[in-house]
Amino acid sequence: MEGGQPKLNKPCILLIVIAGMERFAFKGVAANLVTYLTEVMKMKNSSAAKMVNNWCGFTSMLPLVVASLADSYWDKYTTILVSSFLYLLGLVALTSTAMEWPWIPTSKTGAASCLSWSLYMISLGQGGYNPSLQAFAADQLDHHDQLPSDNNKILNNNNENKKKSLFFHWWYFGICTGCLLGISFLAYIQDNIGWGLGFAIPTAAMLLSIAFFTSGSRFYTYNKQTETAKFTKSLEYMVAAFRSTAAKLIRLQNKDALVGTHEIELEEKKSLCLEGDIEGLGEIPDMNPIDILKAAWRLFPIWVLLLTFAVIFQQPLTFFTKQGMTMKRNIMGGFKVPPAALQSAITISIIILMPLYDAVFVPFMRRMTRNEKGITVMQRMGVGMFLSVVAMAIAAVVEEKRLRTARKSEMSIFWLLPQYIILGISDIFTVVGMQEFFYGEVPARMKTMGIALCTSVFGVGNFMSAFLITAVEKFTGGGGEKENWFSDNMDEARLDKYYWLLAMASAFTFLLFIIFCKFYTTRT
């Protein structure tokens, strides 16, 4: 491709649709899970919140473990099929708990146990499914259209980078569309029609996505090494290494025995041939732990600096919603806006503005920076991190205003929209940039691990958010003259101070990010 804008091929588009269907299924379960735990399973609010936080954190961290195995021993296609099967079983089990089928325990303890098993089976399936699917989809990018001529080498590299950036851009658009439908459509069904149907629809969506995935098998681009080939290559390498070591030992023994010169030379030649067996095997398919640690350690500083963004990423699910519950929500007569519905503002802003990123922002920045992608991946993440600081500062100012007017009049819930929308814009920059960065900065044999590293940022961020709340509560909720920032009485709580704390922490990590980027050299 020598001119014009890059286009994604049919396998990439199909896999983006499949990813959106998976997000529809997952968000259909996760977005309203707290309500199910408290209203149907009769759990306490605190217990339900802890269960959801732990499950979300575990789900986000598990890909790190599964991805290392997938990169070393399994091929992505097989990993996706096996993981999707486990994923589907978990969804079926979860639906069973809501359907009250005969084999589901009726006791509270038994029902809770079945629920936990179904949720963690979903986590296990998703642990291999998500990173493998994204890495497999990225493998479908057209590499065969590159011309061998040296004169076209730079052009081909630019086209490949532009296409890769376009892929991650639209991948995030696809999963955001799935999330939006899962949050809005399924939450309404679960609350107003029934939980059985509300969980059965995500199960059907996952089953349909598996059918779509297998239907495209003949069109996919596969790595040359299948799962069996990887295993066989590993055995060949081990045998060749063993033979080479044995030959060296024989040579040393022969030297000690003062055998003839001709025999020693013969053994040396044999040894060299055997050592050549290892070199002749080509690239070893599995990454040893040292290689994995080296690759991960190189990315570790960026991974750490993104954790504050991940903590901010959790706020719409918790305290933003809590703010909305205290504000004026009436529109069109008696209809009240559900506070959690404002989470859709993030996804809607992403869906609306993401096409403008390619159509307007990239061409504009390309003229200024002479970079084919407009801005670099590192700059893209930095812009998003800066916008997250702005979002938290706006949230703090709005909360301060709410507290000042709480005793006089109610503020409209739509005052919260700016902080939601800016967080949505920051996602377009940072989250998409993170996916491209972690995928591109790892060796070819660790692409699934790269995607898992990206996902793990939000898993650890989930745990960090819970830890930070506990720490702040300890120092501000001890009674006496201390202000309880998280008081149950929202007119006495000081969420504005908590938001300023997050804004300052995010600003500090943003400055460290800028400094580190000056010394970091990308692979691409």
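The values are calculated or read from the model by the stated rules, or taken from the named source; none is laboratory data. In this text, all values refer to a predicted model and were calculated from it rather than measured experimentally. Glycine also receives a Cβ, built like all others from the backbone with ideal geometry; neighbour counts cover every protein chain displayed. Surface accessibility is based on the protein's heavy atoms, side chains included, excluding ligands, DNA and RNA. Shrake-Rupley method; radii C 1.70, N 1.55, O 1.52, S 1.80 Å.
A few points about this structure:
- Flag for Gly182 being touching a helix residue (DSSP H, G or I) at 6+ places or on another chain (Cβ under 6 Å), closer than 30 Å to Asn371 by Cβ and either at pLDDT 80 or above or open to solvent by 40 Å² or more (accessible area, probe 1.4 Å) (or both): no
- Residue satisfying all of: in region 395-405; of a type outside the set (Val, Ile, Thr) and surrounded by fewer than 24 Cβ atoms within 10 Å (Cβ to Cβ); modelled with the highest pLDDT among these: Ala396
Results for (1) open to solvent by less than 30 Å² (accessible area, probe 1.4 Å); (2) modelled with pLDDT under 85, shown as yes or no for each residue.
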residue: Met332; (1), (2): no, yes
residue: Ala341; (1), (2): no, yes
residue: Ala359; (1), (2): no, yes
residue: Val362; (1), (2): yes, yes
residue: Arg370; (1), (2): no, yes
residue: Lys373; (1), (2): no, yes
residue: Ala393; (1), (2): yes, no
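- Output for region 377-391, where each listed residue is modelled with pLDDT under 90 and open to solvent by 30 Å² or more (accessible area, probe 1.4 Å): Gln379
- Residues (farther than 27 Å from Arg218 by Cβ and modelled with pLDDT under 75) located in region 73-103: Glu100, Trp101, Pro102, Trp103
- Yes/no for Lys336 being touching a strand residue (DSSP E or B) at 6+ places or on another chain (Cβ under 7 Å), at pLDDT below 85 and open to solvent by 30 Å² or more (accessible area, probe 1.4 Å): yes
- Residue among Leu64, Leu8 that alone is open to solvent by less than 50 Å² (accessible area, probe 1.4 Å), modelled with pLDDT under 80 and not in a helix (DSSP H, G or I): Leu8
- In the condition set (1) under 17 Å from the mean Cα position of the chain (by Cα); (2) at pLDDT 70 or above; (3) more than 23 Å from Tyr188 (Cβ to Cβ), Ala70 is compliant with all but (2).
- One residue stands out among those in region 406-425 that are open to solvent by 50 Å² or more (accessible area, probe 1.4 Å) and part of a loop (DSSP other than H, G, I, E, B): the one that is nearest to Asn330 (Cα to Cα), which is Glu410.
- Residues (within 15 Å of Gln314 (Cα to Cα) and aromatic (Phe, Trp, Tyr)) located in region 495-511: Tyr498, Tyr499
- Residue check, Gly424 under 12 Å from the mean Cα position of the chain (by Cα) and at pLDDT 85 or above: no
- Selection within region 470-486 - open to solvent by less than 40 Å² (accessible area, probe 1.4 Å) and either within 32 Å of the chain's Cα centre (by Cα) or at pLDDT 80 or above (or both): Ala471, Val472, Phe486
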